[in-house]
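Take a look at the structure below.
Read the figures in this text as sums done on the coordinates, not as results from a lab. All values derive from a computational prediction rather than experimental measurement. Here the Cβ positions follow ideal geometry from the backbone for every residue, glycine too, while neighbour counts run over all protein chains shown.
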Amino acid sequence: MNFELMWESVPALLGGVPLTLQLALLSVALGFVLALFILAARLSRFAWLAALAKAYVFVFRGTPLLVQIFFIYYGLSQFDDVRASILWPLLRDPFWCSTLALALNTAAYASEIMRGGLLAVPPGAIEAAKALGLSRLKVLWTVTMPIAARQAIPAYGNELILMVKATSLASTVTLLEVTGIAKQIISRSYAVFEIFILAGAIYLLLNLAATMLVALAERRMTLPAR
Amino acid sequence: MINRFATWMMLAATAMTVSSPMALADTAKVPEQVRIGIEGAYPPFNYRDAAGNVIGFDVDVMNAICARKKLNCTFVLQDWDGIIPGLLVGKYDVIIGIGITEERKKKVDFTDKYWATASRFVGRADKNWDYTAEGLKGAVIGFQSGAYQETYAKDKFTQSELKGYQTLEQAYLDLAAGRIDLVFAAAIAELNFLNSPDGKGYEHKGPDFDDPAYFGVGVGMAIRQGETGVRDVINEGIREIRADGEYKMINDKYFPFDVYGK
């Protein structure tokens, strides 16, 4: 073990943290919004819309994220039409390609997590609220959503942690986030063990923070025991 | 309790010896099985056919040497950015197709070279740069991560945007997509792209880069430090196939000129 090299490499690796965080936060936020639309489509009265949402989830859960990133970054850019389109300034950039792939991917999982939460709401609670004369919107806002969210949070916390780790795949499309920088240091020092231990520790710390946030949210959402 | 502690110590001691087998092995001896680490993504030197078998100039040269020196050789695929670590931890015994540089000599030993080439840029035929640090200001330059062009580019092309790729193929894809302006790699390896349909409209650009401090003295095979047995046998093999024309036969299968260099 080369501890000196490890110590010297810490600042460089920490330099990748902002990019890792940007990738994770932006794609989770975009994915969350997209997931709401997918969920709405999935629960829609129109069979074709529900089928479309189902197909989306099937494709994005069923294919590897790495393939999705390569498809968006290397695949789309091979078409002249894509390069001539107004989207090219975004699709040209490895950051936006990675963010897009991560967001599309997490949206599929998140919509299913939300659906699971909704299905777990006891029908009796909704019936009771309706019997009290609450409006549909009020029922949704004060009964259905809080219960569904409480059910969904542990699973969604899992998804957040997976997303932080998934950002490491952005290193395959030339981005120098934590893993990209680690690979770069390794290509000069050949100290795979030392540098990947450090990189792993950084992800562990990031996910410790994510875990604590999820736990906090869970506590906030739980009714006090009586 | 004491007994258990003693057992644990023994296990720990065994683990430590296992983790450094190099210290125990007779390094002058040639192993019966020689595993060759190869990238398999560097045409025409080494790449994979449709069935997934690794083929190319490197493979033919290595097979010729192994047949001649009665070595039992097998190929092990390894991504380029992990090719030296893979050798050091013993995933294979020899790396084929690696530039002989001073920087790498700190970690591994080398055989003699078996081919050599300068490094050059590839870029669009209709776009020219002044190929100096100043002139390349603002250019986006792609290369393979962990290749010696990366080290050179980082030291010399300080005013350009530099992008490292896992394979050269990916760099060419981004060149075609217009994400990068120039690919910086071994000139001979670039011919494969330039001669392909995708290479239409692109050409070699600028001067030869061959500063031996960065680009070494050629491309050879790497072994773990001190393993002179394998190295000497391979060197004999290279000399013999050079002398009796087998090298030339393999060379002519792939290149219209002698890639051995000066």
Can you find even one residue in the range A:93-107 that is surrounded by 19 or more Cβ atoms within 10 Å (Cβ to Cβ) and over 16 Å from A:Val173 (Cβ atoms)? yes
B:Asp198 vs. criteria more than 17 Å from the chain's Cα centre (by Cα) and more than 27 Å from B:Thr111 (Cβ to Cβ): yes
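Give the residues of the range A:51-83 that are within 13 Å of chain B (Cβ to nearest Cβ) and either in contact with a strand residue (DSSP E or B) (Cβ under 7 Å, 6 or more places away or on another chain) or outside any helix (DSSP H, G or I) (or both), sorted by residue number.
Filtering the range A:51-83 for residues within 13 Å of chain B (Cβ to nearest Cβ) gives A:66, A:69-83.
Listed by number, the list holds a single entry, A:Phe79.
I'd like the full set of residues that are in a strand (DSSP E or B) and either at the interface with another protein chain (Cβ under 10 Å from one of its Cβ atoms) or free of Cβ contacts under 8 Å to residues at least 24 places away in the same chain (or both), limited to the range B:143-198. Walk me through how you get there before you give the answer.
Quick first cut of the range B:143-198, residues in a strand (DSSP E or B) only: B:143-144, B:161-165, B:182-186.
Matches in the range B:143-198: B:Gln144, B:Glu161, B:Leu162, B:Lys163, B:Gly164, B:Tyr165.
Please find, among A:Ile86, A:Ile38, the residue that is β-branched (Val, Ile, Thr) and part of a loop (DSSP other than H, G, I, E, B). Steps first, please.
Working: A:Ile38 fails: part of a loop (DSSP other than H, G, I, E, B).
After applying the criteria, what remains is A:Ile86.
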Can you tell me which residues in the range B:240-262 are touching a Gly at 6+ places or on another chain (Cβ under 8 Å) and closer than 12 Å to B:Val61 by Cβ? B:Tyr254
Output yes when any residue across the range A:97-120 is out of contact with any Phe, Trp or Tyr (no Cβ under 6 Å at 6 or more places or on another chain), within 14 Å of another protein chain (Cβ to nearest Cβ) and closer than 21 Å to A:Thr20 by Cβ, and no when none is. yes
Return the residue satisfying two criteria in turn: it lies in the range B:105-117 and is surrounded by fewer than 22 Cβ atoms within 10 Å (Cβ to Cβ) and under 17 Å from B:Thr228 (Cα atoms), and of such residues it is nearest to the other protein chains (Cβ to nearest Cβ). B:Lys107
Among the residues of the range A:1-21, count how many are free of Cβ contacts under 8 Å to residues at least 24 places away in the same chain and within 19 Å of A:Leu169 (Cα to Cα). 1
Among the residues of the range A:170-190, how many are farther than 22 Å from B:Ile84 by Cα and more than 10 Å from chain B (Cβ to nearest Cβ)? 2
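For the range B:78-130, list the strands (runs of 3 or more DSSP E) that sit wholly inside it and hold at least 1 residues that are of a type in the set (D, E, K, R) and in contact (Cβ under 8 Å) with a residue 40 or more places away in the chain; which are they? Give the derivation first.
Values: elements: B:94-99, B:108-110, B:119-124.
Hits in the range B:78-130: B:108-110, B:119-124.
Residue by residue, here is whether (1) more than 14 Å from chain B (Cβ to nearest Cβ); (2) under 21 Å from the mean Cα position of the chain (by Cα); (3) β-branched (Val, Ile, Thr) holds:
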position: A:Ala131; (1), (2), (3): yes, no, no
position: A:Val139; (1), (2), (3): yes, no, yes
position: A:Ala149; (1), (2), (3): yes, yes, no
position: A:Ala209; (1), (2), (3): yes, yes, no
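Could you identify the single residue in A:Gln184, A:Gln151 that is in contact (Cβ under 8 Å) with a residue 12 or more places away in the chain and either touching a Gly at 6+ places or on another chain (Cβ under 8 Å) or at positive phi (or both)? Talk me through it step by step, then tell me what you get.
On the way: A:Gln184 fails: in contact (Cβ under 8 Å) with a residue 12 or more places away in the chain.
From the options A:Gln184, A:Gln151, the qualifying one is A:Gln151.
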